[in-house]
Structure formats: structure tokens, C-alpha cells
Amino acid sequence: MSSVEVQHQQPEPATSLIPTLPGAHYTDPAIFEREQSRIFQRHWFAAARSSDLSEPGNFRTVDVGGESVVIVRGRDRSLRAFLNVCRHRGARLCMEDSGTVRRSLQCPYHAWTYGLDGSLVAAPNLNSMHDVNRDEYGLVKVALREWLGTVWVCLADEPPSFADTVQAAVSGRLGDHETIEEWGIDELVVGRRITYDVKANWKLIVENFMECYHCATIHPELTEVLPEFADGYAAQYFVGHGAEFGEEISGFTVDGQGGFGKLAGVGESHDRRYYAITVNPQVFINLVPDHVIFHRMYPMAVDRTVVECDWLYTQDVIDSGADLSKSVELFHRVNQQDFDACERCQPAMSSKAYAAGGVLVPSEHHIGEFRDWVADAISD
Amino acid sequence: MSSVEVQHQQPEPATSLIPTLPGAHYTDPAIFEREQSRIFQRHWFAAARSSDLSEPGNFRTVDVGGESVVIVRGRDRSLRAFLNVCRHRGARLCMEDSGTVRRSLQCPYHAWTYGLDGSLVAAPNLNSMHDVNRDEYGLVKVALREWLGTVWVCLADEPPSFADTVQAAVSGRLGDHETIEEWGIDELVVGRRITYDVKANWKLIVENFMECYHCATIHPELTEVLPEFADGYAAQYFVGHGAEFGEEISGFTVDGQGGFGKLAGVGESHDRRYYAITVNPQVFINLVPDHVIFHRMYPMAVDRTVVECDWLYTQDVIDSGADLSKSVELFHRVNQQDFDACERCQPAMSSKAYAAGGVLVPSEHHIGEFRDWVADAISD
Amino acid sequence: MSSVEVQHQQPEPATSLIPTLPGAHYTDPAIFEREQSRIFQRHWFAAARSSDLSEPGNFRTVDVGGESVVIVRGRDRSLRAFLNVCRHRGARLCMEDSGTVRRSLQCPYHAWTYGLDGSLVAAPNLNSMHDVNRDEYGLVKVALREWLGTVWVCLADEPPSFADTVQAAVSGRLGDHETIEEWGIDELVVGRRITYDVKANWKLIVENFMECYHCATIHPELTEVLPEFADGYAAQYFVGHGAEFGEEISGFTVDGQGGFGKLAGVGESHDRRYYAITVNPQVFINLVPDHVIFHRMYPMAVDRTVVECDWLYTQDVIDSGADLSKSVELFHRVNQQDFDACERCQPAMSSKAYAAGGVLVPSEHHIGEFRDWVADAISD
């Protein structure tokens, strides 16, 4: 995932089985803590949907790399992110997952008051403390970018290039920088959000998403809609390739019928096709002609991961009052099937049978790249 | 808190912000274990109210520094304390929080039987074991003192001077050794006891009690009764000073009305005033003209503390059947407000924003002394 | 327990108190992990009753030394055991405690399929992976023996001699190799199974079973049936000795009445007697004239142990529809009394009063041997 050019080349399929990460990487709390600081705090992290914070004063709190981050929209309509900790005595500023404040974030303990830009604007007796530098005691800022209607934050002091990481992952998968624009993701609205609490290490979920060798076994509805998935090669195996709908299939729905008509910007070559994109370390995006499914993963513990999944449609579809249930149901079932499989793997990761890891078949080739990416990211 | 003389001097107010303890001191189980052995096992610990054990054979079990301690009143009416462990195979002698035995503490596993003075008095087949020294297998004794109607225990082999620690803390706050006697605390009786289970490190609770900078923000009822608290200086900031009731206030109650008349011994200079005393590491005492509020803290885990709070009145008030509810309600609300604040701080102690700690404003000066006391107590 | 000959000698009773293991051996998770790998994974472990797996395709999953092991009966009616982990990506093969498969164990994630002999027989696209050695990717085998109607497994690469360990423990207790055969344990059937979830370290349970010094205190029903137990010497204290029923006792039941007539093979010298056998590290067997009680212990955590207890009767007794309740009730009460005692000890193991351990009286002599056996097993 280092550059777009490299990704354009087809990977050389492995001819024999190659190893996964060792089992301890899925069970050792010390390795998880290292991943929190080396991966989730250092990389761009998809924290929320921008539209969750549509009005000034709207805030959301999210767990990023073990830190509580508060994202808030200012009176100037800009989004900003801060560590959710008062600089005085450490109280959590916002306890709720989401909410609305007026003009400031006020600590409910001693009333230290911060502007929506994070600056310390007031505190009891502050004027009598002549030596206090208000700038020094503003909230700790977190880097923030918006793209694809998504709020990406980075806890690093010097965040990596957004273009070379997040955007390169998307273009590397689709084959160019422009294609993703066809879906107009930032204009779509959340038709349905489902949050899954998965009793499995986050990497099991990523690895599951990266291969389709399991599709024939656990995803009967999905392979009905996308027959080529029964062969075991995930859509993301080939750069620029989208899995084609079956001949009898008229929509990406649980029974293959219905759907809502192609999005206006989507080109004919992408109609009747499904594209899946993984953005390391915690985003999965599915593109189909009439909607987009956007997963954000929140690793909570070495054996627990929360996944927030948005089904995104045009404003027109939502306004029409259309029944989304068959559209949502397809990938909701896929999610449940996948997360059940991940939860079945988690307890075996501590077995001596898995001490050196398992093996990858050739169609699971991408997991090997992910393994190397993780191992490199947490090494000294 | 080293001597009474030093405490008589007013502290020099800090002119700028000084640091708190680093965040890890509130979240690291290893530091908590060190505090258990270096602080709670080595200092005098207020374990119970003497009147909880009014009759011979009455016992209470309490957690002190990670140990279960059983306190029992003997046939000679003396109180004694022991580790709550049979010397034979380690069974807990008393499983209940409190209860009554007859003449002995008998282990329910193999019937080893100990006198209420802790000596081994009987065991099956003991007479045939000629080499067994009964003195050697008595219960492990714990030092015990009674003062202010309170049972203080110390797990150290050589406890520190009670006068130089517990009593010096009280006299250092009030300005002399005699004033505390005016309330006749050992003669008062428990009108109400409320036990709080707080999801916060014990030091957050101590620190909260040591400053009133938060009073205006979270204690509307208390600042109504004690208007000077709205300025942010805790009563204990000035040696010998008691916060004065507001002009319209006739009692230390939730609505400022009622109350039960000054205790007989309380001098006129202490009428219509509120005094708060902290005795390191786990006692808070509030003195008002007509009653006393006595808090005992029991640290249970790095992020969990139990607080047992007694409201103490004269026997006459209790016998009269007077309604205590408005009297109790004031500080019960204060407790709830404070403990909510502590619970709001606990999760942020692990943030990198708090890795080096927070800051103290000048009116929180006492917390800096407490910080130094703790750091010194757990250092090598 | 090294050889039968040594066990024939009566132990020299200790004349004074000797120490138990230090308290940390009952509370330290690191010591428990060492016991899992050094004791429970290296010794023969009674995993299940053979009759739990009576038909081809029947399986049971059990926790052995921290590993999930699946035991399955093949089409050839042989029992085999494997680590319950797919060799591909580590999914648990069997999630249920017991069940039935047809001709194979198929992983529900990617459909890798193993014969009931553990060999890899099929996987999607396997034929196209020319380099894959199917033998290399069979399930990890676990050694298995059947004896006394029990499935014994061993996770070690080179299991110890079954004769020198398991069988020597039984014959060492009874005085010879032949006596155990009189009860025909492999022909008996399970009349009742009760599973206990005990909040105590496994060694507290073993130690409890090894002495009868507690019998007079906590087992009123048992000492009524076996009056000599009131003296405090366990049946296993003397090699070959069985505790005799009281004169008024006609059966090993909760009220001493009834019972089902002597098993056909049991000799007259063993009638009206009770024998108890401990097989390190996790089996207790009780022999009485008309039935057998067989305990299998499963250590789950340093402070938690599951005990599965079978009451075994002849097929004739079961077929007759006889009321087993008074027969089962006697030892069920004994179990509850014992496990309550163990749970009372567990919390005190972390006390400084038990840091160096407790003491053993002379009649607890066998616990000293067990202590040495454990200490030796986990040492380097």
C-alpha cells in the first residue's frame, strides 16, 4: 500500500501455504497496547460520519487508540477534535457518545471552559492567577481531515500524509484516483446504522474482510448475488476488478431483487458490480451501484472490537420513504456471518496448535501483505 | 502533617499552577499494590465505629490494605483485631461483614478454636501433638486504638505514633489539641450510615475533599448554607478556620432550616460554623454545631473505593425520634456530587493528556502537600 | 507415587506440624500457567467417561491444561483426541460441549474437512495447491488411553508411562494391581452426573480430599455412615485399608439405609467398606460395595475449578428404575460441604498470614507428599 503504481501490478499468486501472524498477536494484551500506540494513534483513523455532526455545537466522542477523543463542530462550522480531558484535574469533558453544547465545552467539575476551538476561555478565579498562560492550558488538539463524508483523526504529533496512506489505499484498490468520486460518498446520507460488538481481535476482522475463500461456506446470500465469489477470490484480489452480479440478479439485496437505481455519477462499467476496499487499519468500504456500505472498526481490547456500519443512500431515496430493509439485510447477514466466524477463531488463538500461526492459501494472499504491514508497524 | 507546630503556619499560596501526581498513579495496579503495603498497612486505619461492636462477641470484618481484618470485642469488653485467617490451613474465620460469636472464634473447616484474645485454645487431637506450641499458632494480631468513638487498626509490626499522626492531623487542622473534644464524638451515636461504592481511585476522593474550588460548580445546596465556599477556598485551607453559615441559615440541613441545637460541649466560637478535617490516608470528618459526619474510606482496587459515612447525633436526638432526613440529605447530596465528579475523572487518568498529571490552582494548595505525602510514602 | 512397592510401606507419622505450599501457589496466575503446562499438559488427564461417546461420530470437547481438546469416536469405533483447532486459520472446530458429527470434522469457516482420524481429507481448491502436504495439515493429535471406563488423554509429545503413573496410583492405594478390577468400573453406567463450579484453586480441592481431619467438623452424614472418620484419619492414610460401615448402617446412603446389593465381583473383604483413591493430578475415586463415585477435576483459572462427578451403578440397577436419590445424596452433600470449605480458604491464600503457607497436622501427612509432588513437577 506504499504507492498507487505498485498496487497496479497484479500480485504473483503464492503456490504454497504461507504463515499468518503467530497466535500471541491476537491474545497478548501487551501486543494490543503496542498496536494502540503504534498503529491506531499514528495512522489516520476514521472516527465518525461528518453528518453525525451537522450543526454547530454537535459533538461525538469516540475511542481512538485507547484515548477518548471528542469531535465538535464549531460556530464557524469547522470540525475539530481534542482529547476528551480537562487540562486542570483530568475530568472527562463529555461523557455521552454524542450530544450538543452551546458555545463552549465546560468541565462540569470546576467549570474550566474551553471554546469550540479548544482554547481556554474562562475558569473561576483565572484572572487572579497572573502567571497562567491560557494558551498552554487549551485542550490537546487532534489532527482532523474530512474525506468521503468521513471524519478522519490522527493522534500523532506529525500525522502521515493523508494522500499517501488513506487515499492511496482507495486508489490502489480501484486502479486510479478518480473512480471513487463516482459514488459521491460525501453527498450520501445514512439510511441505516448498525453497531456490532464483536468478541474478537480486530485483525481477525480485517483478515476476514480481505479474503473470499470463506464465501462459499458461510455466505449463501452473498454468493447468490455475486456468483464469482463462490470461487474463493475476493473482489479486492485484482486491482480495479469489481465482482459482477449474477444474471438473474437485479439489485444488491438479500433476495437479489429490487434496489434503488444506479447513483447518478456511477459509470456504466461499474454498474452491476461490487467493489470492496480496505483502508488500513480500520475501514472497509463496499461500493454497489445504488448505495455504499461503510464500516469503521474501533478496537476496544485484545479480544473485543466494535464495528459501526453505515448504509449510505441518496437523499432522494431517503426522502421517498423507500423500504431499505432488503437492501440492508444482505450485508447485515454477511456481517453477522463474518463476525460469528471471527468469534469462533478468537478462543483458539491461544492454542499451542496456533502458537506459530496458521496458514494462508493462495487466494488469501492479501492477508500476507497485511501481516507484514502490521509486523512492520509495531516493530522498533 | 509532620508536627502540629508547622501546621499552625498559614501556607504560602502558590502564585502559579503546580502539578498533580502523574496519571499512572491512579490507574496502575502495581502502584496501588504498593500503596496498600506502604500506606494502608503501615498507617493507622479507621476501620469501624466502636459502637458497631457494643457487646462481647460482636465482630466486624473489614478490608485493610488488601487484608481481611476481624475486630472482635472480648468477654473483658476490650476490642482486639486479628488477620481473618486460620493458622492451620488458611480458611477465613468470619465470612460475614458483622455478627456475634459466643466465647471463641472457631474455624468451620477443622474446628481449630481461638479465644477472643486470639490464642489457640483447642483443636481436634491437639493434645496428642506434643510438639505443638499453642502460642505459636494463635491468630496474627493487629494493633488497635480507639479514639473519637472509632476503631483504628495498624497492620505494621511497629505502628507509627498515634499522637504524631492521627491526633496531629486533627489538632493541626483545628489549631490545638483540645478543640476536637468539644464535640464529644465518642459519646455520639450513629443516626444514619450510608455506604458508597465509588468507581474511582481513592486519591481522587481525598483530593476532592481537600479543595473547594469545585464547590460553586457542583454543590449548590452546600454553598447556599456556607456562602464563603462559593469563593473556592476549602474550610481546611486556613488552620483553625470554620466556614460560617449564611445569614438566613438556621441549620446545617438541605434547606438551611431546622437542625437540632448546639451540642452541649461546643463553644460559642464554633457555633454556626463548619469544620472539615482530613486524616491521611482515609478519614474525613465534618464538624457542625449539632452533629458530626465521619467518613471512612476503604480502597478496594486501583479504580474502586468504598466509603462508609456515619451521621452522628446525641443519644437524646435519636431517642426523641426526631426526623433526621433534612440533616442527612445535605451531605448525602454533597457526597453524591463529589463521587460523581471523581468517577468522571477516573477514566481520563490513563489519557496521554494526563500522563504528566494535571495542574493545581492556588486554592488547591493542600493537594500538593498530599501529593508529596503519597509520593514520599511509597518511595524506597 | 513413584512405585507400588514404596507405597506399600506405611508412612511414618509426622510428630509435629509441617508446612503447606506458600499462599502464592494458590493465587498467582503465573504459577497456575506453569501448572497448566508442567502438570496438566504433561500428565495423563481423565477427560471424559467413555460411555459419553458411545456411537461413531459422538464427540466431547474438554479443557485440558488450558487447551480445548476434542475427543471423537471413529467409524472404526476407536476413540481419538485432537486439539480443537483448524490448521488453516485457527477456528474452533467444535463449539459445543458434546454432539455428533457424521463422517468428518468440518471447519465451519472455510470448510477444511478432517477425517475422524484427524487427517485432512478435503478443502476448497486443495487440488490446485500442488505443494500442500495433506499429512502436514492434519489435526494435532493428543495421546489417548481408556481405563476404568474413562478416557485419559495426554498433551505431551512423549507421555509418561500409564502403568507407572495412573495405574500405580490406584494399586499403590489399594495394595495390589488386582483389587480395582473387582468393581468392574468399565462395565458400570452413569446413574447421575453433577457438575460443580468451585471458586477455589484445584490444589485446595485435592488437599481437602486427601485428609479426613475435617470430617468430624463438616461431614455429619459421612461420619454417621463411617464412624472411624470421626477420628480424623482418611481412608487413604493406610494402604489397603477401607473404612468400615457403622454397625447400624446397611448402605452407603444419606441415612445409612438401603443401597443396591454388593457388585458381583466385589470380594467379601471389601463389603461394608469404603475406599478412596486419589490419582494425581485430578481424579478422585470412591469405591463402595454397590457403586462407584468418580470425580474428574478441570482447573479453569487460579481460583476456579470445575468438578464433574459421576455416580456409577450396574446396568441392572439402572434398568430396574430404582430410586438413586438417597445413594447420590450422601456424597453430593459431602461434595458441597467440601467445596464450601475450599471456597472459604481461597480468599485467605493472599493474606500475609498465609504467605509462608499454613501447617499440616500428622493425620494430614499425605498432603505433604502432594505438596512435594507439585513443587517438583513445576520446578526446572
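Read-outs throughout are calculated quantities, based only on the coordinates presented, and are distinct from any laboratory measurement. Keep in mind it's a predicted model, so treat the numbers as computed, not measured. All Cβ positions, even for glycine, are placed from backbone atoms using ideal geometry, and neighbour counts span all protein chains on display.
Explain nothing, just the number: dipole magnitude of region A:252-297 about its Cα centre with +1 on each Lys and Arg Cβ and -1 on each Asp and Glu Cβ, in debye rounded to the nearest 20.
Using Cβ point charges on Lys, Arg, Asp and Glu, region A:252-297 gives about 140 debye.
Within region B:119-195, report the GluC sites (Glu not before Pro) that DSSP leaves as loop and that have at most 11 other Cβ atoms within 10 Å. List each step's numbers first, then the result.
On the way: sites: B:Glu136, B:Glu146, B:Glu178, B:Glu181, B:Glu182, B:Glu187; in loops: B:Glu178.
Here the GluC sites (Glu not before Pro) that fit, given the DSSP loop and packing criteria, are B:Glu178.
I need A:Trp152, C:Trp44, A:Trp311, A:Trp147 ordered by Cβ neighbour count within 10 Å, fewest first.
A:Trp147, A:Trp311, A:Trp152, C:Trp44
What does the charge dipole of the protein assembly as shown about its Cα centre add up to, to the nearest 20 debye, if the Cβ of each Lys and Arg holds +1 and the Cβ of each Asp and Glu holds -1?
Taking the Cα centre of the protein assembly as shown as origin, the dipole is about 120 debye.
Got a sec? How would B:Ile71, B:Ile194 order by Cβ neighbour count within 10 Å, fewest to most?
Working: B:Ile71 26, B:Ile194 14.
Listed from fewest to most nearby Cβ atoms, that is B:Ile194, B:Ile71.
Over all directions, average the projected area of the Cα convex hull of region B:123-272 and note it in nm².
14.2 nm²
Where does helix B:365-378 land angle-wise versus the long Cα axis of chain B, in degrees 0 to 90, nearest 10?
Approximately 20 degrees, to the nearest 10.
What shape does the protein assembly as shown take by its C-alpha gyration tensor, where a ≥ b ≥ c are the square roots of the eigenvalues and a/c under 1.5 counts as rounded, a/b above b/c as prolate, and the rest as oblate?
oblate
How far is B:Asp271 from itself in the other copies, in nm, if each label sits 7 Å out from Cα along the Cα-Cβ line, shortest first?
In nanometres, ordered from closest: 9.4, 9.4.
Starting at the first residue of region A:59-75, write each ³J(HN,Hα) from the Karplus equation 6.51 cos²θ - 1.76 cosθ + 1.60 with θ = phi - 60°, in whole Hz, x for Gly and Pro.
Values per residue, Gly and Pro as x: 9, 9, 10, 9, 8, 10, x, x, 9, 7, 10, 9, 10, 9, 8, x, 4 Hz.
Less than 20 Å from a label point 7 Å out along the Cα-to-Cβ axis of A:Asp319: which backbone N atoms in region A:280-303 qualify, by residue?
A:290-292
By the gyration tensor of its Cα atoms, with a ≥ b ≥ c the square roots of the eigenvalues, what is the shape of region C:45-154: rounded for a/c under 1.5, prolate for a/b over b/c, or oblate?
Note, shape of region C:45-154 comes out prolate.
What is the helix-to-structure angle for B:325-345, meaning the angle in degrees between its Cα long axis and the longest Cα principal axis of chain B, kept from 0 to 90 and rounded to the nearest 10?
So the inclination is approximately 90 degrees.
Counting only other residues whose beta carbon sits under 15 Å from that of B:Ser351, what net charge do I get with K and R as +1, D and E as -1?
Its environment carries a net charge of +1.
Report, for C:Ala356, each distance to the same residue's label point in the other copies, shortest first and in nm; define the point 7 Å along Cα→Cβ.
Ordered by increasing distance: 4.8, 4.8 nm.
Along Cα→Cβ at 7 Å, what distances in nm separate the A:Ala322 label point from those on the other copies, shortest first?
Spacings between copies for this position, smallest first, are 7.4, 7.4 nm.
Along Cα→Cβ, 7 Å out, is where each label goes; now give me the distance between the ones at C:Ala375 and B:Ala24 in nm to one decimal.
Modelled inter-label distance: 3.6 nm.
Do the sum for chain C: with -39,500 (n - 2.57) for every DSSP H run of n ≥ 4, divided by all residues, what is the mean residue ellipticity at 222 nm, to the nearest 500 deg cm²/dmol?
When only DSSP H runs of four or more count, the value is -5500 deg cm²/dmol.
Could you identify the residue of B sitting closest to the B-C rotation axis by Cβ and state that distance rounded to whole angstrom?
For chain B, the closest residue to the axis carrying it onto C is B:Pro29, 7.
Using every alpha carbon pair in chain C, what percent of pairs falls into each 20 Å bin from 0 up to the bin containing the largest distance?
Pair shares across the bins are 27, 55, 17, 1.
Explain nothing, just the number: relative contact order of region A:225-373, from Cα pairs under 8 Å at least 6 residues apart, as a whole percent.
18 percent
Post the alpha-carbon centroid distance, region A:19-62 to region B:155-199, in whole angstrom.
About 48 Å separates the Cα centre of region A:19-62 from the one of region B:155-199.
Could you list C:Asp63, B:Asp231 in order of exposure, starting from the residue whose Cβ has the fewest other Cβ atoms within 10 Å?
The most exposed by this proxy come first: B:Asp231, C:Asp63.
Take the cross-link list C:Lys199/C:Lys352; B:Lys199/B:Lys352; A:Lys262/A:Lys326; A:Lys199/B:Lys352 and give me the ones stretching past 23 Å between alpha-carbons.
Working: C:Lys199/C:Lys352 21 Å; B:Lys199/B:Lys352 21 Å; A:Lys262/A:Lys326 16 Å; A:Lys199/B:Lys352 26 Å.
Beyond 23 Å between Cα atoms: A:Lys199/B:Lys352.
Between region A:205-262 and region C:67-134, what is the C-alpha centre distance in whole Å?
Taking the Cα centre of region C:67-134 as reference, the centre of region A:205-262 is 27 Å away.
Could you give the dipole magnitude of chain A about its Cα centre, charging the beta-carbon of Lys and Arg +1 and that of Asp and Glu -1, in debye to the nearest 20?
Using Cβ point charges on Lys, Arg, Asp and Glu, chain A gives about 1680 debye.
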